[in-house]
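Throughout, read-outs are computed from the coordinates displayed, never taken from laboratory work. All of these numbers come straight from a predicted model, not from anything done at the bench. In this analysis, Cβ positions are derived from the backbone assuming ideal geometry, glycine residues included, and neighbour counts consider all displayed protein chains.
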Amino acid sequence: MNEDREFEELDFDDEGTVEAKKVSVFVESTIGPNQRKEKLVVSTDASIAEIKATLSNLFGLPDTRNFHLAISGRICDDDDLLVNYDLEDGDVILVIPISTAG
Amino acid sequence: MKKSNFFSNRLTPDEIYRLDRQLRLPGWNQEALKNSSVLIAGIGGLGTEIAKNLAMAGVGRLYLVDMDTIEYTNLNRQLLFSDGNTGEPKAVVAARTLFRINPHSQYVPLFSRLEDVDPAIYETADIYISGLDSVSARRELARRAVHNQKPLVDGGTTTYYGHVYSYIPNQNACLECDPLKERERETLAACTLVGVPRKRIHCLLKGQLFFEANHGRPPNIHELSEMEIVLDYANNLIQEHFPTDEPFGLDEAVSIIDHHEPSIITINAVIASLQSQEALKILHHLHGTKLGEPNAEYTIYNGLIGKFFYFERPPNKNCLLCGEFAPPVERLVVPSSTVCGTLLPLLKQKGYFYSPDDEVMFYRIDKTEMELVDLESTLSELNIRHGETLYCPGLTKSGRDVDIYVKILYPEVTQ
Ligand SMILES: [Zn+2]
């Protein structure tokens, strides 16, 4: 996984994939010292890990192991592809803490 | 006549006096709480706070499950413990302290792994509350909640954040509804450290290995000179491979090498209080008093900005634990003298078939180590307990292959 992936790279240029579509979503971070919501265009053939790496840069989060993404009430698996989460224009991707300590 | 708090004959005059201020709450039903029992899994930062809250609120019985003993570093946030208690089991000391806080309730300490708690207790408790610190323990508790159809109020923290989520059977998602392949946080295997460091963190781990190679033991994090050796090595690597990254500082290095989740009582107390309040409402609902509405959404608290976030968690119908095609739980009420092999004809009566060529097997899963059931023995000979779950794969029902769970219930215990 290349964590230095640039934000722009999300708009994949490869037209080869049939399934992939671009959707315009909102990303809201529930962690960090600032409440932030950003608009973002993502390609649905991206993996969750790729999206996380991008958001890590965008939101200034140090380590992708410190947060999960939640889409439509599902907490996303890093190995999964975005296409499996039925993302539509205007949907919200939440950046959430991995709060497993007791 | 409507239930009265002040004239309840379930409560002693002493209790009525002690609880006076909450008995005045609109919609409150103290008798319901007095008749309730709650299983609290994990008596740490969250569990101690939750137990304190529910004890003070007068919940009738608390089962306190924890396999750990008290450490000195618990004392910054776990108010049921004090200096003299280090080394003692958390569950036992908690029960003792709670009895001093409110002697009118019962506290049952279970110094045990979740897996080994008597299945009858999971049957008896009205709800489960999790103050656990690992994903694997949460999964164990979640399975019990789904199989026993009990609400499970989960909570957790990390640094300045926390979450609360109440699983409500047949209403919202269970823990397994998200098919995460890699649930546990990635641990760094030694093999990832061979060769050129690929991440900043690898530099520090290499520094640690360098120290170990030279001294035959890991560095002592309390020894400045030893930490400096590790840091020197690590920061040289950073300069070489990640020139734009920050070098490691002492505090950062200590917290990584001696890894513990950072925890502060304020965040613990917020999350534990939310869990307790949800639990009190759910207990009211279970006993027929509609007090407010349990929050079925996943709630996140960000203590850095003082805000809450919520999202819905609809159940996943393909979930392997609670979904449409998940193995069902069949409850069998049989005497303990039943020979295990004769469970098969009982299942046949319920429409489950098995090919005579196949060997049907039952596995005991309510234990730390899964165990195959000897079909020639009786339930009591194998010490199979009331409420214990057996897993039975490879049956067919209505022409479809099914695996099932069989819950063994003894008539002598079931009324
Ligand atoms: Zn589920």
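Using only side-chain charges placed at the Cβ, +1 for Lys and Arg and -1 for Asp and Glu, the dipole size of the protein assembly as shown relative to its Cα centre rounds to 2920 debye. Note on A:68-78: average number of Cβ atoms from other chains within 10 Å of each residue's Cβ is 5. Per-residue ellipticity at 222 nm from helix content only, as computed over the protein assembly as shown with -39500 (n - 2.57) for each DSSP H run of at least four residues, stands at -8000 deg cm²/dmol. Packing, as the average of other Cβ atoms within 10 Å across residues, places the peptides B:300-307, B:17-24 in the order B:300-307, B:17-24, highest first. Across segment B:329-414, Cα pairs under 8 Å and at least six residues apart give a relative contact order of 41 percent. For chain B, the longest principal axis of the alpha carbon atoms and the long axis of helix B:90-101 meet at an angle near 70°.
Once you average over the residues of A:88-101, how many Cβ atoms of partner chains fall within 10 Å of each Cβ?
Per residue, the average neighbour count from other chains is 6.
Among DSSP bridges having both ends in chain B, what percentage is antiparallel? Round to the nearest 5.
Bridges in chain B that DSSP calls antiparallel: roughly 60 percent.
Straight-line cross-link reach from B:Lys350 at under 16 Å between alpha-carbon atoms covers these aspartates and glutamates, not counting any fewer than eight positions away in the same chain: B:Glu330, B:Asp401, B:Asp403. The tail of the calculated P(r) for chain B, taken as Cα-Cα distances beyond 36 Å, holds 40 percent of the pairs.
Ranked by the mean number of other Cβ atoms within 10 Å of their residues, highest first, the peptides B:99-112, B:161-174 come out as B:161-174, B:99-112. Considering only beta bridges that DSSP places wholly inside segment B:48-183, some 50 percent are antiparallel.
Structure shown: which of B:Lys90/B:Lys150; B:Lys281/B:Lys367; B:Lys317/B:Lys397; A:Lys22/B:Lys307; A:Lys21/A:Lys52 lie over 23 Å apart, alpha-carbon to alpha-carbon? Intermediate results must be reported in sequence, preceding the final value.
Values: B:Lys90/B:Lys150 25 Å; B:Lys281/B:Lys367 31 Å; B:Lys317/B:Lys397 20 Å; A:Lys22/B:Lys307 31 Å; A:Lys21/A:Lys52 18 Å.
Where the Cα-Cα span goes over 23 Å, the pairs concerned are B:Lys90/B:Lys150; B:Lys281/B:Lys367; A:Lys22/B:Lys307.
The alpha carbons of segment B:327-415 give a radius of gyration and a Dmax of 12.4, 38 Å, in that order.
Ranking of B:Tyr233, B:Tyr63 by neighbouring Cβ atoms within 10 Å, starting from the fewest: B:Tyr233, B:Tyr63. Put simply, the convex hull of the Cα atoms in segment A:21-97 casts, on average, a shadow of 4.3 nm². Taking label points 7 Å from Cα along the Cα-to-Cβ direction, B:Thr396 and B:Glu293 give a separation of 4.7 nm. For the residues of B:154-167, the average number of beta carbons from a partner chain within 10 Å of their own beta carbon is 4. Taking a quarter of the surface of the Cα convex hull of the protein assembly as shown gives a mean projected area of 31.3 nm².
Antiparallel beta bridges, as assigned by DSSP with both residues in the protein assembly as shown, represent about 65 percent of the total such bridges.
Stokes-Einstein diffusion of segment B:210-288 at 25 °C, 0.890 mPa s viscosity, Kirkwood radius from Cα pairs, rounded to a whole number: 150 µm²/s.
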